[in-house]
Amino acid sequence: MLASSVIIRVARPQDAEDLALVHEQSWRSTYQGILPHLALERQIAARSTQWWKRVLTKSRDILILKIEGEPAGYCSAGRSTLGSHPNAMSARKGAAFKGEIFELYLKPEYQGLGFGSRFFDAARETLISRGIAPGLVVWSLSDNEQACAFYRAKGGRDLGQVKDCFGGVSVMKSGFGWS
Ligand SMILES: CC(C)(COP(=O)(O)OP(=O)(O)OC[C@H]1O[C@@H](n2cnc3c(N)ncnc32)[C@H](O)[C@@H]1OP(=O)(O)O)[C@@H](O)C(=O)NCCC(=O)NCCS
C-alpha cells in the first residue's frame, strides 16, 4: 500500500460521524462476549455523532487513521491523569508515566495488518512532540487478549492487574508501560 494512502492526523469536528461509526463497529466486535450486552450497547449509544462533535470541538487529543480515504481507526492519547487509573495503587505505578493512550481502536477489517502498530507509534510520537514525556501507559481489559498481545508485542512492560468497573460490572484491567 502506498504510504500516501495512510494518513494519521488530529481529528476535527467534521470527523464526528466517521468516528461514531468506527467506535460502534470496533467496540461491538471487540467486546461482544467480554462485556455484558446492555453495558456495551449503552456505551455505543452514548458515543453518538453529537458526542464526538462536542469532544472534537474542545480537544486535540484524538487522532484519526484514514486508509485510502476511508476512516479506519481512532486513538485518544494525552497527559496521564490520576483519574484514569482504576485505583490508588495503580495510580502510584502510573505516576512514572507522563503520557497515556486512553483508547486505540481500528475497524475490524483493518485489524491484523500492521496499522495498529503504526498508529501506536504515531500517537507516541505526538505525545513526545507535545512534551508529554517521558513514559507511556495503557490500560486494557485483561479479557481483551488481542489488545494485551498487541501491547506486549509493542514492548509494553507488564504493570499488573487492577479491578475496575464498567457499566456497573466489575472488570479486570491490565496495565502496560513504556519508559
Ligand atoms: C489492538 C489493535 C489496535 C492492534 O492493531 P493491529 O493492526 O490489529 O495490530 P498489528 O497488525 O499492528 O500487530 C502488531 C503486533 O501485535 C501483535 N498482535 C496483534 N494482534 C494480535 C493477536 N490477535 N494475537 C497475538 N498477537 C497479536 C502481533 O505480534 C503483531 O506483530 P507482528 O507484526 O509480529 O505480527 C487492533 O487489533 C484493534 O483495534 N483491536 C480492537 C480494539 C482493541 O482491542 N483496542 C485496544 C483497546 S485497549
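Just so it is clear, none of the values below were taken in a lab; they were calculated from the coordinates. The shown structure was predicted, so the numbers you read here are calculated from the model rather than taken from an experiment. Ideal geometry is used to build each Cβ from the backbone, glycine not excepted, and the neighbour counts take in all protein chains shown.
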If r is the Cβ-Cβ distance from V10 to A46 and R0 is 25 Å, what FRET efficiency results, to the nearest 0.05? 0.65
For the chain, what relative contact order do you get, as a whole percent, if you take Cα pairs closer than 8 Å and at least 6 residues apart? 21 percent
K98: which aspartates and glutamates have alpha carbons under 14 Å from its alpha carbon, excluding same-chain residues fewer than 8 sequence positions away? E125
Just the number: Rg to Rh for the chain, Cα atoms, Kirkwood Rh, two decimals. 0.94
